[in-house]
Structures are given as structure tokens and as C-alpha cells.
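Some notes on the structure that comes next.
The values are calculated or read from the model by the stated rules, or taken from the named source; none is laboratory data. Everything quoted here is computed from the prediction, not taken from an experiment. Cβ placement follows ideal geometry from the backbone for every residue including glycine, while neighbour counts extend to all protein chains displayed. To get the accessible areas, we keep the full protein, side chains included, count just its heavy atoms, and leave off ligands, DNA and RNA. Shrake-Rupley method; radii C 1.70, N 1.55, O 1.52, S 1.80 Å.
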Protein chains: 2
Amino acid sequence: MKITAVRVTPIAFKDPPLLNAAGIHEPYALRSIIEIETQCGRLGLGESYGDAPVLQDLLLAAPHLVGQSVFDLNGARRAVANHLSAPAQGLLPDATLALAPSTHSEKAFAKAFGAFETALLDCQAQIVGLPLVELLGGAVRQEVDYSAYLFFKYAKHIDADYPSDPWGQAISSPEIVAQAQRMIDLYGFGSIKLKAGALEPDHEAQCLEDLAKAFPHHPLRIDPNANWSLTTAERIAQRLGRLLEYYEDPTPSLEGMAQLHKATGLPLATNMVVTTFEEFKRSIAMNAVQIVLCDHHFWGGIRATQELARMCETFGLGVSMHSNSHLGISLMAMTHMAAAIPNVAYACDTHYPWQVEDVIEQGRVPIVNGKVRLTHTPGLGVTLDREKLRELHEQFLSCGITSRNDAAQMRKYHPNHTNKKPRF
Amino acid sequence: MKITAVRVTPIAFKDPPLLNAAGIHEPYALRSIIEIETQCGRLGLGESYGDAPVLQDLLLAAPHLVGQSVFDLNGARRAVANHLSAPAQGLLPDATLALAPSTHSEKAFAKAFGAFETALLDCQAQIVGLPLVELLGGAVRQEVDYSAYLFFKYAKHIDADYPSDPWGQAISSPEIVAQAQRMIDLYGFGSIKLKAGALEPDHEAQCLEDLAKAFPHHPLRIDPNANWSLTTAERIAQRLGRLLEYYEDPTPSLEGMAQLHKATGLPLATNMVVTTFEEFKRSIAMNAVQIVLCDHHFWGGIRATQELARMCETFGLGVSMHSNSHLGISLMAMTHMAAAIPNVAYACDTHYPWQVEDVIEQGRVPIVNGKVRLTHTPGLGVTLDREKLRELHEQFLSCGITSRNDAAQMRKYHPNHTNKKPRF
């Protein structure tokens, strides 16, 4: 069960011009595809960030996994911790693997290890002959709910070398409601999340109110990505509070979120202020957030996310799930993981409907009635389409993007766009 | 990989007349041996409490595991939660399996599920063909340190139907030092724990001081099992503080421990006031304890204990390990688990040297240089000696003990012995 080869292939895939707090998505989103080959002929898959800093860590660590057992997650942790590109300050890469809290190193380690761990677990489950969910403790649900992830967007990229997406512009409230309708018609989602923090807060609030009228039975969330001041966040809370399932990262910092919760009583969710176990600890002391959006890509893998979920249960926090732009390997990892965690009690986020390409032989993972069904073949249940991988790797090499920069992209449309946060 | 049979066999084994805060050990200690058989012909082993309340839960739940996959830990959790003898008040035995905090039900559930989970994991590891430690994430150490667990004791039981143990009386300080010497000579332990709370606190403190003189390089702990008032605990802390690696459960309650730590600054360890995740949460808010003695038998299994260890790392608590009187199956489960948890940073407790019988074909598990080595065969690495199991089950049936009662036993020696706690 030894690892005989580890490949890390950076890819780029087409991504629509979606607006967010930082700016706007570039024409291509980056990702890394991890392949782990074993002595016994299995191939495990992983998918994670493709930006230069993470990619560098993945490329540096990969050779050091070769020769280890695919079951030795602690050994893989050591291999990754010992070969991060940034000096592993605060990392003690010995057997105890004590990680300095909330350092850059801790976050870099969590991202790099998380990428490999999915592929290791895929191998493990294939060796055992079980779907991944069974290796993770067994399915508490056979399908996982996802939410319709709405974005303000432009009709077309300013600089794409490919035709525009079919979604069209979504700036006005009727356009956002139409986007929701289309997404629900296509995928059957039963919950709605609006990515905000991009336009005037009162306009975004108006859109949310109009969504509530159009979809009175859909739980609603709004996520300004910490782009609202505490004053703005409080004001919008008064306007939207009763409509929201939860209020996601309206304002920056644990302190800001704690003050906002104290002032409004609204359940606050986050993938920005609780992103490490150290931040979790600080949040508990302050009652800063009530729902953690977990994400195995940056929490240090699936096992660590299961530990996070237990911690949330212990401290009375809810668990939902965050996403970045991603393809089918990530979607199936998210699905197997969410199906094994009893207290994932909200529809999970996914950008998947915004993507049209993929690297899996299965084509595109179906989302039906807002749900992704568990696969029943051993492992993650997806296999690699090498031709597509080659194409998307070519796209990575030719697209000219090596690190995501949504603010710089927005300056191509609006030269005066700044990084100021919170903007509103 | 389906479960075809689950057997729960209560056993009794000879136990020396060891003194503790409650009274004195009875001539026999009780335990349950769990066997889980799979379709594919594997037999997984577990060992846990054998007292009537736990035994009843195990017997009630066992048939409901049959037909499930040995990998479906979440399914096993539901089966156990749905079939506890006490009405599962606060247990929601549905897919979310929300457990009401710190209820009797939560503790009963954790003990019953923990017993089965070891056997399930043993099966899983056998199926995968790996030592259990590898299934748990991989060995961060090849051998696990245990401590010499000293007890005040009488030379013989008042009512045993078998010859006295070879350890003799240990009441005076020279007798305790001699006991330590004998135990270290036999097993090579590098740490010493003195079970206290049985005799006058100043006498016990004198014994600890004499141990420190006799074994100046051995880390020392004292454990009065919450039998000292806060005043006594503070007074003894002044006397012993500088000699102690940690001060274990000197005084009752989270509140008492929090006050004691505030007053003394000593690192406090516990297996009494933090025994559930709810108590963990309360302890964090109060800074009541600094080291948690984990124990998969009552924390809800090995996976839950791994989650506990991550929680301890997150909140800056140390991890050590508790033991009750136990045999080789438990010892190997403790060893595989401790070897997979990076932050077990203290020598673990074990009563094993006090037992002379066992139910495993390997005979007695060797402890050399104070350490138990990992086994390298698939699973836990121990197999059942059916003849010994039958003998110890006969002993259970004939010994007349169904629930441990160290206080009642002590009244056979001292009729005026009471349950008063704290006694000193």
C-alpha cells in the first residue's frame, strides 16, 4: 500500500465574470489536481487551490510522500510540514507536529496537507473497496443538499478569449431573481445564497428582499465577504434580519462579528474569521460566530474537518460548508464528507453550477433537487479524464494567470477600483 | 463486510486489595469482552466495563449491530443510541444523533458505543490488513509509555477464595517506595503515579516526597480522586507542588479545580470533572483543568478520543490517559490509539501490572522499559483464548459481584467506612 508516485497538475478552467467584495472573477480559475499512485495499482484523486503559493507547496511536498503508506496520514503530515516553501516558522515538524496557531505556516500547511489527504483517502477507500463515506464513518444521509449560489455578474469578461456564458448580466434585482429562477430550474436547489459586498448594500438588501418574495419557502443567506462596516452590517441586519437563515461574514474580524451578534442576536456564519483551530478557540471566548462554514481544502483535510464538526457540536455551533470555484473531484469529496458528518445541518455552498468544464470521466456531476447523491463505487467515485486534464493544464499554461487577483481584474473595468475593505 | 454476530461476555478476574478514595478493590474486577464476527470471517475484539448497567446496555444493543457494515460507525452509533436500557432522554436517535450534554444517557451511550467501536475498528483494520494504528492515521511512535501505578494496599483480601498476591502490604512510606521499586524493576517504568485519597493526606504527601527522593528522575503524579477538600488540596499543593508533573483530581468539581488552579498555578489533570464533551466546554470557560486524561472506554470510542485530543490541542490542554482495571485487549487498544495521537505527551496510566489473568492467546502483553510496543499484525494484534474466556466468565458467574462497590467492600474491614466525599 505504498505510494509510488504523486503528481500535481495545475489547471485553469473558464469562470464567469462574477462580482465579489474583492472585485471580479478572472476569465480562468486555477486549481490543482492531485494524483497519488500506489504499489497496488490504485490511483487516488484530490483537487485543491491552484494559486502559485499553494502550488509551490504542493510541488515541493509531493516527492516526499513517495514510499510512505497511503494510510499513514500522520506521516504525510510530517512530510508536508517539513517541506513547505515558506520557512515553517512555528511548525515543529517532529513526531508531535505542534503547529503554531494561526500563523501563515499553519494555513499553508492546512491547505497543502488537505489537498493530498483527499487523494490518500480516495486510495484508502479504493483499497478497502468502499465508497469514501464509509471509510469516514458511514453515511448519515444518501444525498447532500447544496444551495443556489447567486452572484452579481457582468454579461461578459472584458478580456476573455472565449464566448460569453449563457447567464447574462445580473446587476438589477429582477436580474438576480431571474438568475435564481434559472439556477433553481436547472438544479432544483432548495436554499439560496447571495454573494454580496460588491454593490451598494441597500441595493443588495433590496435584491435579497425580492428573492424572499419570489422564493418564500427557500432559506436565504447573504454573504458580503466582510465588506461592510459594523455600522452598515447593523443597519442591513435590521432590514434583513427576519429573512435570513444566517448572516454570513457581513463585517470584518472576530471582534466585529462578536459586536454584531451582540447587537443583533442574528446567527452569524463565517469562513473568514474562523479559518483555523486557533481562531475557533478565540471565537468561542468571544461568541463571535454561531455557524462555521467548514471546508476540507483549508481546514487541513477531511479528518480535521470531522474534528472541527465535533468541536462545533461540543460548543453549540452550527456547521455549514464553504466553497471556492471548483470541479467534480472537490464536489465529490465535499459530498462524501458532508454525508458522514451528522451535524452538517445546512445546505452546503458550491460554485459548481458556474463551471462548465471538468476533469472527470463521468462528465459533470449531476445536481438534482438541489442534491448530490453519494456514489457507491470504491473511493471518491470519480476517475480522471486525462485528455481533459491535459487540455485544462494547457489552459493553465496559456491563460497567463498564476495567482488569483480579483481586484486587479476589476481595475480593467474600473481603473479606480481599490482594495479598500470594508468598502461600504 | 457485514456483521454476522456480536457476542458480549462478562468476565471477572482476580484483583488485589488496592485502596482508593471510595474504599478498596473487591477480590474480582468485572469486564466485558466484545466479539464481532463478520461475513468475511474476521473476529474483532473489544473490552470494556462489566458492571451491570453497562453490561445491560451492551447486551441490549448487540443484536442491533448485526447486519450492519463494520465500517458504518455512524450506523452503530444509531443502533446503540436507540437501544440503551435507560430511556434515552435527550438522545435524538435519528440521523443527526444529537446527544444531550452530560446527561446520564450521554455517558451511558459513550460507554456502550466505545465498547463496540474497538471491536469494529479491529475488524476494519483486519480487513484492510493493517495494524490498528495505521487505520487510525499512522504511528507517530512505535512504543507507548506507561507509568508505574502505585496503590496503598492491604496484604490480602478479607474474603478472597484464592491466595494472596505477591505484592504484600503497602501502607507505610517505605512500603510504597518498595512497591515502586518492585514495579520499576519488573516493568522499567519511567514515571510514577500514586493513587491517593485513601489515607491521611499528610501521610500520602510524605510517601510522595519519599518517592521523589528514591526516584529523583521519575516524573511524579498524585491522584486523590477528588477526596480532598479545596483547603486540603491547597495545603498539599504547597507541600508537593514543585515535585509534581501534574496534580490529578485532588478536589471535586470543575469549580473546585478552577479555584485550585487559580490559587496554586499547578497543572491540574482530570478524568473526573471532564468526562464528556459538555464538561470539556464548561472547563474551557473556567480554565478548570490543564490536562485531560483521555479514555476511549468512556469518551465514546477511539475516534471520539482522537477528536478530544484535537480539541485539547486547540485549547492548549495536555493529553494523558486514564485506566481502570483492565486486561490485554484494552491495553492494546490504548496503545494503538496513543501511538496515533501526536499530542499524548505523558506516560499513560495502566492497572495492567496488578492483573495476573488475561483472555488473550498471547498470554500477558509485555511491558518493557515502561513501554508497550505496537503490534504489526492486522488489527489490534491480539486473539482470544477461548478457554481463558470461558474460565473468567465462570468466575464472573460465581464471584457474586455484579456491580463494583469499593465502599461496601471496605465496610467488611471497617464497618464505619462511609461514602463521604471529600473525606479529607
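Of note:
- Altogether, the Stokes-Einstein calculation at 37 °C and 0.692 mPa s, with the Kirkwood radius of region B:115-167 over Cα pairs as Rh, returns a diffusion coefficient of 216 µm²/s.
- Taken along the Cα-to-beta-carbon direction at a fixed 7 Å, the label points for residue B:286 and residue A:60 span 4.5 nm.
- Over chain A, dividing the summed -39,500 (n - 2.57) contributions of all DSSP H runs of at least 4 residues by the number of residues returns a 222 nm mean residue ellipticity of -11500 deg cm²/dmol.
- Reachable aspartates and glutamates, given that their alpha-carbon falls under 18 Å from the alpha-carbon of residue B:412 and they are not under 8 places away in the same chain: B:15, B:26, B:159, B:161
- Taking every C-alpha pair closer than 8 Å and separated by at least 6 residues, the mean separation divided by the residue count of chain A gives a relative contact order of 22 percent.
- Long-range tail of P(r) for chain B (Cα pairs > 27 Å, %): 50
- Neighbour count of at most 16 Cβ within 10 Å plus DSSP loop: longest trypsin sites (Lys or Arg not before Pro)-free window in chain A: A:157-363
- Coupling constants for region B:13-28 follow from the phi torsions by the Karplus curve (6.51 cos²θ - 1.76 cosθ + 1.60, θ = phi - 60°), and in residue order they are 10, 4, 9, x, x, 8, 8, 8, 4, 7, x, 8, 4, 6, x, 10 Hz; glycine and proline get x.
- Label 7 Å beyond Cα on the Cβ vector: residue A:416 copy-to-copy distances, nm: 9.2
- Residues B:48, B:229 ordered from highest to lowest accessible area at a 1.4 Å probe: B:229, B:48.
- Theoretical FRET efficiency, 1/(1+(r/R0)^6), r = Cβ-Cβ of residue A:263 and residue A:420, R0 25 Å, to 0.05: 0.60
- Degrees separating the helix B:386-399 axis from the principal Cα axis of chain B, which is the longest one: 60
- Cα pair count fraction exceeding 25 Å, expressed as % - region B:138-373: 41
- Three principal axis lengths of region A:150-213 [C-alpha, angstrom, descending]: 37, 29, 16
- Against chain B, whose longest principal axis is taken from its Cα atoms, helix B:173-187 shows a tilt of about 40°.
- Comparing B:224, B:163, B:174 in a Gaussian network model of chain B where C-alpha atoms under 10 Å apart are linked, the largest mean-square fluctuation is found at B:163.
- Mean partner shielding of peptide A:71-78, defined as the number of other chain Cβ atoms within 10 Å of each residue Cβ, is 6.
- Ordering B:395-403, A:60-68 by mean Cβ neighbour count within 10 Å, with the highest value first, yields A:60-68, B:395-403.
- Using a probe of 1.4 Å on the protein chains alone, the accessible area found for residue A:230 is around 40 Å².
- Pairs of alpha carbons in region B:306-388 whose separation is greater than 17 Å (percent): 50
- Kirkwood hydrodynamic radius of region A:208-303, from inverse mean 1/r over distinct Cα pairs, in Å: 13.7
- C-alpha center-to-center spacing [region B:257-311, region B:199-213] in angstrom: 26
- Mean projected area in nm² (Cα convex hull; one quarter of hull surface) for the protein assembly as shown: 34.4
- Rounded if a/c under 1.5, otherwise prolate or oblate - region A:266-333, Cα gyration tensor axes: prolate
- Degrees separating the helix A:104-128 axis from the principal Cα axis of chain A, which is the longest one: 60
- Cross-link check: pairs A:156/A:421; A:14/A:153; B:107/B:193; B:107/B:262 evaluated at a Cα-Cα cut-off of 18 Å; pairs beyond the cut-off: A:156/A:421; B:107/B:193; B:107/B:262.
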